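The values are calculated or read from the model by the stated rules, or taken from the named source; none is laboratory data. If you're wondering where the values come from, they're calculated on a predicted model, not measured in any experiment. When we count neighbours, we look across all protein chains shown, and the Cβ atoms used for this are built from the backbone with ideal geometry, even at glycine. In case anyone asks, the SASA skips ligands and DNA or RNA and just uses the protein heavy atoms, side chains included. Shrake-Rupley method; radii C 1.70, N 1.55, O 1.52, S 1.80 Å.
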Amino acid sequence: MGTNRRYPREQPPGRHRRHCWVLATAHERGPWPGLILEWRRTNSGDWAARVVYVPNPHEHRSIEAWFASGLLRPIDSWPSRATIDEAKHLDVHGP
């Protein structure tokens with residue numbers, strides 16, 4: 001993540017962690033393993049991350065997209081039951 005000497009930015013929480021679980025996309029529920037490439041602030045002041053993730057480990061493809069920080073969880077090991085349950089209850093279709 002870049003910095004600006006004149007206007008220093010607050011760093012996102014856990015910015016040193018790069019591996020994450022993507023809980024959901026706009027159309028599907030995860031979790032999927034991902035790698036955070038960079039962080040940025042949105043117009044509302046929240047954090048978003050550019051992530052490359054693998055939606056299906058049996059296919060040879062990856063997807064790169066921006067995600068709100070609330071849709072990402074750090075990877076410590078295989079997804080915990082809480083992470084899986086949280087992903088199941090997300091409304092991916094919105095209001």
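Odds and ends about this structure:
- Within segment 70-87, the residues that satisfy the criterion of being surrounded by 14 or more Cβ atoms within 10 Å (Cβ to Cβ), at pLDDT below 90 and in a helix (DSSP H, G or I) are THR83, ILE84, GLU86, ALA87.
- Hits in segment 16-40 (condition: open to solvent by 90 Å² or more (accessible area, probe 1.4 Å) and either more than 15 Å from ARG81 (Cα to Cα) or modelled with pLDDT of 90 or more (or both)): HIS16, ARG17, HIS19, HIS27, GLU28, ARG40
- Of all residue pairs spaced 6 or more apart or on separate chains, those with beta-carbon atoms under 9 Å, a first member in segment 37-64 that is under 14 Å from ARG18 (Cβ atoms) and a second member that is surrounded by fewer than 11 Cβ atoms within 10 Å (Cβ to Cβ) are GLU38/GLY2.
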